[in-house]
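I have placed the structure first, in the form of structure tokens, so that the comments after it can refer back to it.
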Amino acid sequence: MSTTEVAKPVLPVLEDYAPIVGEPEILELRELARRLAGRRVKMVNSTAVGGGVAEILNRLVPLMEEVKVPTHWEVITGGEKFYNVTKAFHNALHGAPYDAAPDGLETFLATNEENRRRMHFEEDFVVIHDPQPVGLIAERDPASRQHWIWRCHIDLSNPNPQVWNFLKPWVERYDASLFSSPQFTRGLRIPQYLFYPTIDPLADKNRDVDDEFVRSVLEQFQVDPARPILTQISRFDRLKDPLGVIRAYRLVKKYEDCQLVLAGGSATDDPEGAAVLAEVEAAAAGDPDIHILNLPPWSHVEINALQRGSTIVIQKSLKEGFGLTVSEALWKKKPVVASAVGGIPSQVIHKLTGMLVHSPEGTAYQIRFLLANPAFAKVLGENGHQHVKEHFLLTHNLKRYLVLFLILLQGD
Ligand code: UDP
């Protein structure tokens, strides 16, 4: 079977989730949505492809539409200078020093202002994702009944004060803020809600595919299905620590004849991808068992197959928002070895739904342990699947948004 033989299914509808989450859950979602009849939503973020936010919105928006809560997703535009600044913001909010051009804040504000003038905000609820478009709140008409919500996908537990002090007054102009983990919240004058990111079990990235297709994808990338396969799927970003993954693999490789797959791509709002990819390629040079795959953004079914074909999935991030790739792997019942950072400990409960680690050496240790104990690794995967089913599926996200909108309306 060739890779092209897996037909793309028609877009799933809400009812298709009933066999997974149960019919009562679907009825509840329809009932919540019915109470919002006539209300409209806008979602705004900074990239249509690459990264977890686009991944979520791609699936959430059609379902909101289906339950008749019309939702319009718009992406802000900006030049290279703007994305350099927002990437510096991103790194700084994760605790790194702020490193951008001296006029970075002016660039940030000017691009937000340009987008504000270009866009129209007529919806009842406006959800702004992450810091890049945070300044759009300036468009809010104080006389209107509009609700503005800031959805933060970043770990704000230890932000660089310079950047956070700049952003905070903007954030506090919103009606509510949404965070991916209780640890990420800050002291804010606006309400904060816990919103776990979620995966879509029926998307090409996660739906069931047959073993033959998995084998064909491994073959396509010259990965040997007969030897253990360790995989990390991530944008080529230093915070995903691809070099640390290579280090861990090399420690394992001394004892086990394994292979490493580092599969990633880049996001249109991440200017550092090419440089990091070059660093990774240099570090892996000369080892035919390290497969560095720079995948185009539409490679969902290939990523699905790579995750399914893996013996162990790694997510050795140094900092992480949530780490959707972890839920993706757990959903596929894979044993996961992942860093105890950001939202990962919500997904990986140590020794129950996966193994948490703190260093390349710890990663190597846990990989070796799981390779030596496949029965235990299998149980981790089964538990992980159940954990994702209970907390991290798309229908949960839909429900949280619907309930939030109803709560905000009650306050009117
Ligand atoms: N992803 C992808 N192609 C790639 C790398 C990642 O489609 O080359 C997907 C990955 O499967 C996941 C998302 O992008 O769905 C990454 O989300 P995560 O929360 O793990 O990290 P982020 O990139 O948002 O920091």
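The values are calculated or read from the model by the stated rules, or taken from the named source; none is laboratory data. All values derive from a computational prediction rather than experimental measurement. Positions of Cβ are generated from backbone atoms using ideal geometry, with glycine treated the same way; all protein chains shown enter the neighbour counts. Note: accessible area is taken over every heavy atom of the protein model, side chains too, but ligands, DNA and RNA are not part of it. Shrake-Rupley method; radii C 1.70, N 1.55, O 1.52, S 1.80 Å.
Counting only residues that are of a type in the set (A, V, I, L, M, F, W, C) and outside any helix (DSSP H, G or I), which one in region 110-130 is nearest to residue 405 (Cα to Cα)? The qualifying residue nearest to residue 405 (Cα to Cα) is 125.
Selection within region 208-243: residues that are in a loop (DSSP other than H, G, I, E, B) and open to solvent by 40 Å² or more (accessible area, probe 1.4 Å). The member of this set that is nearest to the ligand (Cβ to nearest atom) is 235.
Please verify whether region 248-267 includes one or more residues that are in a helix (DSSP H, G or I) and over 20 Å from residue 312 (Cβ atoms). Break it down into steps so the answer makes sense when it comes.
Taking region 248-267 and keeping what is in a helix (DSSP H, G or I), we get 248-253.
Pick out the ones that are also over 20 Å from residue 312 (Cβ atoms) and you get none.
No: zero hits.
Within the set 31, 66, 80, the sole residue that is under 18 Å from residue 132 (Cα atoms) and open to solvent by 10 Å² or more (accessible area, probe 1.4 Å) turns out to be 80. Taken over region 157-191, the criterion of being buried (at least 18 other Cβ atoms within 10 Å of the Cβ) and either closer than 26 Å to residue 388 by Cα or touching a Pro at 6+ places or on another chain (Cβ under 6 Å) (or both) is satisfied by 157, 167, 176, 177, 178, 179, 180, 181, 184. Scanning region 285-301 for any residue that is surrounded by fewer than 18 Cβ atoms within 10 Å (Cβ to Cβ) and either closer than 21 Å to residue 356 by Cα or acidic (Asp, Glu) (or both) turns up at least one such residue. Among the residues making up region 42-71, those that are within 12 Å of the ligand (Cβ to nearest atom) and either part of a helix (DSSP H, G or I) or on the phi > 0 side of the Ramachandran plot (or both) are 50, 51, 52, 53, 54, 55, 56, 57, 58, 59. Considering every residue within region 146-157, establish whether at least one is at pLDDT below 95 and among the β-branched types (Val, Ile, Thr). So far as region 146-157 goes, yes, one or more of its residues are at pLDDT below 95 and among the β-branched types (Val, Ile, Thr).
Within region 239-263, the set of residues being among the aliphatic types (A, V, I, L, M) and modelled with pLDDT of 95 or more comprises 243, 245, 246, 248, 251, 252, 260, 261, 262, 263. Residue count for region 350-387, restricted to those that are in a loop (DSSP other than H, G, I, E, B) and on the phi < 0 side of the Ramachandran plot: 5. Answer yes or no as to whether residue 102 is assigned by TED's automatic domain parsing to the domain that holds residue 401 and in a loop (DSSP other than H, G, I, E, B). Yes: the conditions hold for residue 102. Annotation for region 276-284: no member residue is within 13 Å of the ligand (Cβ to nearest atom) and either assigned to a loop (DSSP other than H, G, I, E, B) or within 18 Å of residue 206 (Cβ to Cβ) (or both).
Residues that are outside any helix (DSSP H, G or I) and open to solvent by less than 30 Å² (accessible area, probe 1.4 Å) within region 388-412 comprise 392, 393, listed in sequence order.
Going through 37, 33, 110, 48 one at a time, which residue ends up being touching a strand residue (DSSP E or B) at 6+ places or on another chain (Cβ under 6 Å) and either farther than 21 Å from residue 147 by Cβ or among the small types (Gly, Ala, Ser) (or both)? Please lay out each step first, then the result.
Values: 37 fails: touching a strand residue (DSSP E or B) at 6+ places or on another chain (Cβ under 6 Å); 33 fails: touching a strand residue (DSSP E or B) at 6+ places or on another chain (Cβ under 6 Å); 110 fails: touching a strand residue (DSSP E or B) at 6+ places or on another chain (Cβ under 6 Å).
Among 37, 33, 110, 48, only 48 is touching a strand residue (DSSP E or B) at 6+ places or on another chain (Cβ under 6 Å) and either farther than 21 Å from residue 147 by Cβ or among the small types (Gly, Ala, Ser) (or both).
Within the set of pairs 6+ apart or on separate chains, which have a first residue in region 107-121 that is of a type in the set (Ser, Thr, Tyr), a second that is buried (at least 16 other Cβ atoms within 10 Å of the Cβ), and C-beta atoms under 8 Å apart? Filtered contacts from region 107-121: 107/81; 107/82; 107/85; 111/76; 111/78; 111/82.
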